[in-house]
Structure formats: structure tokens, C-alpha cells
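The values are calculated or read from the model by the stated rules, or taken from the named source; none is laboratory data. Please read all numbers here as calculations on a predicted model, not as lab measurements. All Cβ positions, even for glycine, are placed from backbone atoms using ideal geometry, and neighbour counts span all protein chains on display. Surface areas here come from the heavy atoms of the whole protein model, side chains and all, with no ligands, DNA or RNA. Shrake-Rupley method; radii C 1.70, N 1.55, O 1.52, S 1.80 Å.
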Amino acid sequence: MLEQSLIKLLLNNDFYIANRDRISPNFFEAELRQLYETIVEAQEKYKHNLTLDELKALFHHRHYCVFLQG
């Protein structure tokens, strides 16, 4: 439950920037770690608050591309 709350907080760019050095991918279980990695990639690239719809689209795109490469 705490992991899910943290994932939601990380969608906020200000929160992400303030805490990115304090949060390790190892904090998350495997399934949520993939979401975390997607958020990190998006926050570093777009530098704005993310919506759940954006996260969903980015996650599916990221993992669809990995599927095609593998």
C-alpha cells in the first residue's frame, strides 16, 4: 500500500525532483518497479506532472517496445 501511494506521489514533478535521490528502485516489488522506472524515464524527459493516463500510455509503449526487441 505504501508503494502505491509513493507511485502516485512521484507523478508530481516537484515531489519527484525533491525526492529522486532518496528513492531506490529496489524499494518496489517487481510489478511496481516497472511503473517506477517508467515514471523516472518520463519525469526526466518531460519534466512536468504526469497524469495516470499518461503513465498508462507510457508504460504500455515502453513494455510493448521491449517485447518487440526481445
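Here are the numbers for the structure shown:
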| read-out | value |
| --- | --- |
| Hey, LEU52 open to solvent by less than 50 Å² (accessible area, probe 1.4 Å), under 13 Å from the mean Cα position of the chain (by Cα) and of a type outside the set (Asp, Glu) or not | no |
| Selection from the stretch 19-49 of residues that are surrounded by fewer than 11 Cβ atoms within 10 Å (Cβ to Cβ) and under 22 Å from MET1 (Cα atoms) | ASP21, ARG22, SER24, ASN26, GLU29, ALA30, GLU31 |
